[in-house]
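Nothing in this text is a laboratory measurement; each read-out follows from the coordinates by a stated rule. As the structure is a computational prediction, the values presented were derived from the model and not from experiment. As a convention, Cβ positions derive from the backbone with ideal geometry for all residues, glycine included, and neighbour counts pool all protein chains shown.
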């Protein structure tokens with residue numbers, strides 16, 4: 001068709017484009033991508049269920065080919081591609097996609113592995129009981145109908161059934177400029193929350209969490225968000241939920257173990273997850289994991305084998321949660337169309353309140369429609385009763401008159417419908433029994449009408465009736481929650497230690513700063529038998545694990561962190577520790593130990609100042625370490641000791657061989673600093689300090705190879721305030737001025 005001058009419109013291109021794009025955007029939002037808050041359905045889903053209903057595919061009926069359903073939908077109601085319509089139908093039938101499926105499928109409708117459904121010519125379908133409940137009342141005047149796209153058929157604007165489908169099955173979609181993402185929930189919890197709102201409309205979102213604890217996904221899993229986080233998401237309609245696979249540690253004979261995945265996070269394809277985990281193993285990004293096996297049948301069963309039985313199962317789990325889709329974030333964006341088909345984000349309470357308001361409207365429409373039908377029937381019954389009371393005269397009029405209807409109307413004050421109904425009565429209906437039945441029917445209808453009229457006129461009765469109907473729905477469709485809700489433990493840092501196997505080692509540091517790690521925990525005799533470089537000897541040795549981090553304290557107040565698995569092996573004499581950290585050659589080493597973040601350490605300098613520091617403050621992130629003790633000129637780090645549990649007292653001794661004892665509480669706890677004065681000296685400095693429990697007394701080694709110790713239980717003479725000069729130690733105290 002060639003354009004004519006009359007068909008041409010002269011408008012600016014920008015204005016025309018903007019206007020047409022706005023029309024397209026609104027169409028996408030209101031007629032394609034966003035669900036309706038009243039029935040939770042998008043147009044394509046509503047049309048699919050409506051077409052199946054007209055095909056009489058009830059839950060008790062026989063299955064029919066999916067191709068028949070798709071053909072009816074795209075031919076009568078939804079003029080879009082057949083594949084997109086069939087994909088929408090397939091999702092309604094997948095029990096791993098919908099919490100309460102609306103279509104019962106026969107044949108291959110896909111699986112959790114991600115395999116596609118068979119073509120629609122091979123599969124069959126019918127409605128489920130949930131879908132039937134969702135459409136209940138369509139023939140009772142509950143909702144309005146509209147013409148289809150070609151005007152040949154009619155379809156409902158919304159489904160009236162009493163089932164909270166929006167939140168029960170959730171929804172997802174992307175429109176133009178907005179999207180929606182609603183997780184599924186447990187219908188019993190939703191109905192309990194709705195009943196609470198009926199009783200107390202002022203109930204807030206936080207109080208509703210007593211009923212709706214969180215999403216309930218069809219594939220189960222574990223929700224690990226806090227109650228506060230879930231409540232904040234429900235209150236705003238926006239947020240996200242941390243969802244993990246359900247994983248258990250299965251013990252094996254002989255001491256071994258493996259991880260068993262029995263439930264997948266919602267929306268995660270099992271085959272893709274296996275590929276993801278296998279890729280981590282192949283790329284050696286998770287060396288503590290040896291293998292992944294799929295032993296699934298109808299139930300999910302993924303077996304994850306650790307590299308060895310010594311691997312920390314908690315660290316392996318944390319690594320898997322971080323690196324794979326065994327943990328996901330499911331978004332919440334409760335963006336829906338309201339009763340006026342306006343898009344907007346609702347809170348949990350707003351969504352339930354809007355649904356309840358619609359159900360009250362449905363209840364009133366059904367009641368008013370029923371009252372109208374009762375009135376029509378009563379009108380006919382009144383006419384029948386008049387006929388029975390004047391039966392002989394009615395028969396005479398019918399036999400004698402050519403046009404009996406006007407005569408009946410005039411003589412008995414009937415209307416046209418009543419007269420027509422009397423004339424259409426069969427002779428067998430003129431029995432006496434029929435007259436009695438009409439009387440009973442009229443009395444029953446009159447009573448029903450009275451009850452319906454009272455219902456329509458009383459909001460209290462409406463709420464009570466809705467609660468009663470909700471209880472019946474709950475009784476019919478309620479089931480157990482599938483998704484567990486647990487508070488996640490504090491996330492552990494696993495970026496370094498989760499990638500190594502946990503094995504025992506013995507760490508050795510020589511006097512000249514050569515370091516090595518021997519496999520296993522060596523006994524003292526084995527350590528003494530080791531060889532050292534010419535002119536060198538042992539300085540520090542202790543037991544550790546390859547997953548430990550080690551703290552090296554330099555006498556200039558800096559602390560350095562070394563990884564247990566990165567230490568040189570036990571062959572030879574090891575390597576200089578200064579190759580692993582940036583430690584100047586002239587700086588000495590004050591202490592070397594396993595870094596324990598939860599421990600407390602006593603730090604003191606040679607000039608007698610000290611403080612307590614938490615173990616986490618000793619961890620450094622770089623080779624350069626970090627300054628922990630601020631030293632005055634000429635001072636150096638003299639004491640680094642772990643404070644035993646229950647210790648309440650500090651003992652300090654100077655190079656002048658004077659000792660004092662004071663409460664541990666007098667020392668501040670710092671992450672970095674100089675500290676406070678422990679002991680005052682006229683000459684020399686601090687020799688040693690130790691923390692102990694006062695009630696247990698102060699112990700020290702007697703020296704030699706006997707390994708004996710001595711304990712001084714009466715320390716009253718040395719107990720004083722921090723910063724005093726002290727007095728000579730007990731008899732027998734080592735001449736080295738060291739506590740051991």
Checklist entry - How do 190, 522, 260 rank when sorted from fewest to most other Cβ atoms within 10 Å of their own Cβ? => result 260, 522, 190
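Per DSSP H run of at least 4 residues, take -39500 (n - 2.57); add these up for the chain, divide by its residues and hand me the 222 nm value, nearest 500 deg cm²/dmol. List each step's numbers first, then the result.
Details: 18 runs with 227 residues, N = 740.
Mean residue ellipticity, 222 nm, calculated: -9500 deg cm²/dmol.
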Item to check | Distance between the range 265-309 and the range 322-385 - C-alpha centres, whole angstrom | outcome: 44
Checklist outcome for this item: Reduced to Cα centres, the span from the range 707-725 to the range 624-687 in Å works out to 16
Checklist outcome for this item: Helix 432-456: inclination vs the chain longest Cα principal axis, degrees, rounded to 10, gives 40
Item to check | With Cα atoms, 0 to 90° folded angle of helix 13-28 axis to the chain main axis | outcome: 90
Item to check | Relative packing of peptides 207-213, 346-352, 376-382 - highest average C-beta neighbours within 10 Å first | outcome: 346-352, 207-213, 376-382
Item to check | Prolate/oblate/rounded call for the range 80-130, Cα gyration tensor, a/c under 1.5 rounded | outcome: rounded
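Which ordering of 559, 143, 249, 456 is given by a fewest-first count of other beta-carbon atoms within 10 Å? Each step should come with its number before you reach the end.
Details: 559 26, 143 19, 249 13, 456 16.
Going from sparsest to densest Cβ surroundings: 249, 456, 143, 559.
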Next on the checklist: Quick check: Cα centre of the range 118-154 to Cα centre of the range 557-580, how many Å?
Outcome noted: 73
Checklist outcome for this item: Helix 227-236: inclination vs the chain longest Cα principal axis, degrees, rounded to 10, gives 40
Checklist outcome for this item: Looks like the range 246-325, by Cα gyration tensor root eigenvalues a ≥ b ≥ c and the a/c under 1.5 rounded cutoff (else prolate when a/b is bigger than b/c, oblate otherwise), is oblate
Next on the checklist: Sort 172, 413, 84 by Cβ crowding within 10 Å, fewest neighbours at the top.
Outcome noted: 413, 84, 172
